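Undergrad: Let me give you the structure first, and then I'll get to my questions.
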Amino acid sequence: MRGGPFILVLIAVAAAIFAFGRWLDNSYAFFVAYVVVQYIVLGTAWNILGGYTGYVNFGITAFFAIGAYSSVVLHKLVPAMPLPAMIVVGGVMAGIVGVGTGYLTLRLRGVYFSIATLALAVVVQTLITNWDFVGGARGAYVLRPRTAPLIGGGYIEYLFLIMLGLCVIALATARAIERSSLGFGFAAIRDDEAAAEASGVPTLKLKLIATGLSGGFMGMAGAPLPFYVTYLDPSSGFSLNYAVNAIAMPLIGGTSSWLGPVIGAVLVGGLQEYLRVTISSAVNVLVAGVLMVVFVIIAPQGIVGLFKRKR
Amino acid sequence: MTALLHVEGLGKRFGGFVALEAIDLEVQDGERLGLIGPNGSGKSTLVNCICGTLRNETGSVSFAGEKLDGLLAHQRTRRGLGRSFQLPRPFASLSLVENLRIPILYAVNARSSGVLAGAAIDARCRDVLSQVGLAEKADRLPRDLTQIEMRKLELARAMASEPRVLIADEAMAGLSHGEVDEIIALLIRLNERGVTVVMIEHIMRAVMEFSQRLAVLVAGKKIADGVPKDVVRDPEVVRAYLGE
């Protein structure tokens with residue numbers, strides 16, 4: 001399927017999901033679906049750098065929280081600013097940080113790069129915790145409007161719609177990368193960086209594109225968070241759950257395709273929510289951890305890998 | 001003939017160890033040059049400095065009249081310097097066709113005005129693969145290849161970047177007699193089509209058969225350069241290989 005029709009299909013699917021949610025008319029369903037879709041965006045963002053380019057980023061929460069906290073800042077400075085504009089700002093901020101850290105850390109390979117990104121998360125969390133303007137360690141309250149702008153209904157419906165739109169953009173971008181020369185360049189870097197250079201691939205430039213896109217989408221996924229939780233403090237904004245899930249979901253779904261993070265997020269996110277309601281709210285991370293171990297053993301290529309033809 | 005590749009006073013150190021010292025080397029357009037030397041004499045380091053994988057501290061490398069100093073490896077590849085690695089380094093998750101697609105997308109397309117797309121790229125990849133005898137395995141993954149096929153893929157990927165100079169770094173190590181002949185024939189065919197070839201090799205039979213000119217590196221210095229049959233009789237070369 002070509003790029004244009006693919007995007008139309010994505011939009012149609014997203015519209016159908018939203019219409020179904022409206023028909024259900026259950027705000028709990030919107031709250032759950034928002035989380036799952038948010039993880040699709042987060043997982044897709046991680047996969048652009050981790051899956052396509054082979055650089056495992058553990059600092060997801062840094063980018064995610066930069067998006068979230070830039071919304072907190074904007075909300076305090078310009079309360080009337082529409083959410084989509086905040087998302088763009090949050091994405092740009094996180095993207096810039098992505099390119100910056102990429103430039104500083106991409107000389108590191110493998111596990112050393114991962115450790116550096118982990119350090120980034122700690123640094124950003126420390127900065128935010130000590131920044132009084134955004135609430136510091138106390139956290140910040142964000143009062144969201146009672147009803148949604150433009151579409152009417154509860155504000156959560158609006159948040160969900162925004163996240164769905166973001167998801168369409170993220171998936172269309174990921175698939176476009178896969179099929180373009182950029183995707184082949186990323187794959188060459190993942191497989192062998194020296195050989196990629198010798199084949200004419202400008203590895204540093206491509207890695208910066210990957211870290212910028214990946215960080216940017218993570219920031220965009222985080223930007224609506226303050227409005228979703230209405231109270232944001234560093235320990236929830238930088239929660240380990242985001243990092244673990246954003247890595248586990250693409251790995252479980254399959255890192256080779258845009259579909260992997262979608263399958264992973266729906267499966268793991270759905271299961272987590274089900275267990276949260278039926279058993280305990282603390283089993284989230286356990287689910288992701290156990291599933292990740294199981295899949296690394298029985299299906300290292302993820303679910304998508306199981307169905308791909310063996311070459 | 002003009003010198004296509006010109007190495008002048010090139011030096012490279014690793015900490016206190018001098019890997020290369022004031023190397024001068026000229027490669028003429030269309031030439032077949034053999035580069036030999038005992039293990040650890042700096043042959044691969046020289047290739048890495050010429051191709052930009054390593055930075056040389058002193059001296060300079062010029063290619064087709066242009067100084068390459070400060071250019072990154074991919075920029076040199078785009079200018080027409082192709083190399084194969086001593087140990088094959090295929091893109092393991094990509095099929096053979098896709099392996100060749102990378103240099104076409106990133107070296108050939110970055111260079112020429114007429115950019116190849118879609119089916120034309122695929123056809124070009126398969127054409128290069130058939131030149132090295134890998135056409136039947138075009139859609140397989142590198143892990144399905146034998147040792148010699150892996151070497152051929154390594155050469156094919158370098159060929160796909162349409163280099164003016166191809167530097168083959170020990171493309172034949174560990175291959176059987178017949179397989180060595182196959183690779184020599186392949187490199188000579190390439191040379192006949194106008195590609196300058198620098199061959200780095202330990203197998204003397206291959207070097208003597210292939211080279212029009214022979215350069216010898218010993219302990220980071222070039223000790224001989226000339227017609228192969230004279231070079232191998234050079235007392236200094238004999239001493240380096242066999243001792244006093």
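Undergrad: For B:PHE17 and A:ALA119, what is the calculated FRET efficiency with R₀ set at 45 Å and r taken between the beta-carbons, to the nearest 0.05? Present the calculation step by step, with values, prior to reporting the outcome.
TA: Numbers: r = 33 Å, r/R0 = 0.73.
Step by step, r from the Cβ atoms, then E = 0.85.
Undergrad: In terms of the Cα gyration tensor, with a ≥ b ≥ c the square roots of its eigenvalues, is segment A:3-239 rounded because a/c is under 1.5, prolate because a/b exceeds b/c, or oblate? All intermediate terms of the calculation are to be shown ahead of the outcome.
TA: Details: a/c = 2.50, a/b = 1.33, b/c = 1.88.
Oblate shape, in that a/c is at least 1.5 and b/c is the bigger or equal ratio.
Undergrad: Tally Lys/Arg at +1 and Asp/Glu at -1 over every other residue whose Cβ is under 14 Å from the Cβ of A:VAL99; what's the total? Don't skip to the end; give the middle numbers.
TA: Values: positive: A:LYS205, A:LYS207; negative: none.
Net of charged neighbours comes to +2.
Undergrad: Do any of A:LYS205/B:LYS221; A:LYS308/B:LYS137; B:LYS67/B:LYS229; B:LYS152/B:LYS222 go past 26 Å between their Cα atoms, and which?
TA: On the way: A:LYS205/B:LYS221 36 Å; A:LYS308/B:LYS137 19 Å; B:LYS67/B:LYS229 32 Å; B:LYS152/B:LYS222 29 Å.
Checking Cα-Cα distances, A:LYS205/B:LYS221; B:LYS67/B:LYS229; B:LYS152/B:LYS222 exceed 26 Å.
Undergrad: If I model a spin label at B:VAL227 and B:LEU87 as a point 7 Å from the Cα along the Cα→Cβ vector, what separation in nanometres do I get?
TA: 4.0 nm
Undergrad: How high is the FRET efficiency from B:ALA185 to B:TYR241, r the C-beta distance, R0 41 Å, rounded to 0.05?
TA: Working: r = 27 Å, r/R0 = 0.65.
Efficiency for this residue pair is about 0.95.
Undergrad: Other chains' Cβ within 10 Å of B:61-74 residues: what's the mean?
TA: Mean partner-chain Cβ count within 10 Å for B:61-74: 2.
Undergrad: Relative to the present Cα-Cα distance, how much length would full extension add between A:TYR274 and A:LYS308 at 0.36 nm per residue of separation?
TA: Additional length available on full extension: 9.3 nm.
Undergrad: Quick one: check the C-alpha center-to-center distance for segment A:162-193 versus segment B:172-244, whole angstrom.
TA: 45 Å
Undergrad: With charges set only on the Cβ (+1 for Lys and Arg, -1 for Asp and Glu), what does the dipole of chain A come to about its Cα centre, in debye to the nearest 20?
TA: Values: 18 positive and 10 negative charges, 93 e Å.
That gives a dipole near 440 debye.
Undergrad: Which cross-chain or sequence-distant (5 or more) residues have an amide H under 5 Å from the amide H of B:ALA224, H modelled 1.01 Å from N in plane?
TA: Those lying under 5 Å, H to H, from B:ALA224 are B:VAL216.
Undergrad: Let me check I've understood the local charge: for A:VAL283, count other residues with C-beta under 12 angstrom from its C-beta, Lys and Arg +1, Asp and Glu -1. What total comes out? Provide the component values of the computation, followed by the final result.
TA: Working: positive: A:ARG276; negative: A:GLU273.
Once all neighbours under 12 Å are counted, the net charge is 0.
Undergrad: Using r as the Cβ-Cβ distance of A:VAL13 and A:ALA176, and R0 as 22 Å, what FRET efficiency do you calculate, to the nearest 0.05?
TA: On the way: r = 17 Å, r/R0 = 0.78.
Efficiency computed from Cβ-Cβ geometry: 0.80.
Undergrad: Let me ask something else about it. Classify segment B:16-89 from the C-alpha gyration tensor, please: rounded if a/c falls under 1.5, else prolate or oblate depending on whether a/b exceeds b/c. It would help to have the intermediate numbers written out before the result.
TA: Numbers: a/c = 1.31, a/b = 1.21, b/c = 1.09.
It comes out rounded by the Cα gyration axes.
Undergrad: Can you tell which of A:ALA116, A:LEU74, A:LEU232 lies farthest toward the positive end of the dipole of chain A, using +1 and -1 charges on the Cβ of basic and acidic side chains (Lys, Arg; Asp, Glu)?
TA: A:ALA116
Undergrad: A further question follows. When a/c reaches 1.5 or more, the comparison of a/b and b/c decides; with that in mind, is segment B:59-213 rounded, prolate or oblate per its Cα gyration tensor? Working shown, then result.
TA: Working: a/c = 1.71, a/b = 1.04, b/c = 1.64.
Oblate, because a/c is 1.5 or more while a/b does not exceed b/c.
Undergrad: Follow-up question, since we're still on this one. Going by how many other beta carbons lie within 10 Å of each one, how would you line up B:HIS6, B:HIS177, B:HIS74, fewest first?
TA: Details: B:HIS6 18, B:HIS177 9, B:HIS74 24.
Fewest to most other Cβ atoms nearby, the residues stand as B:HIS177, B:HIS6, B:HIS74.
Any read-out appearing in this document is the output of simple, stated calculations on the displayed coordinates, not a laboratory observation. Please read all numbers here as calculations on a predicted model, not as lab measurements. Neighbour counts run over all protein chains shown; Cβ positions are idealised from the backbone, glycine included.
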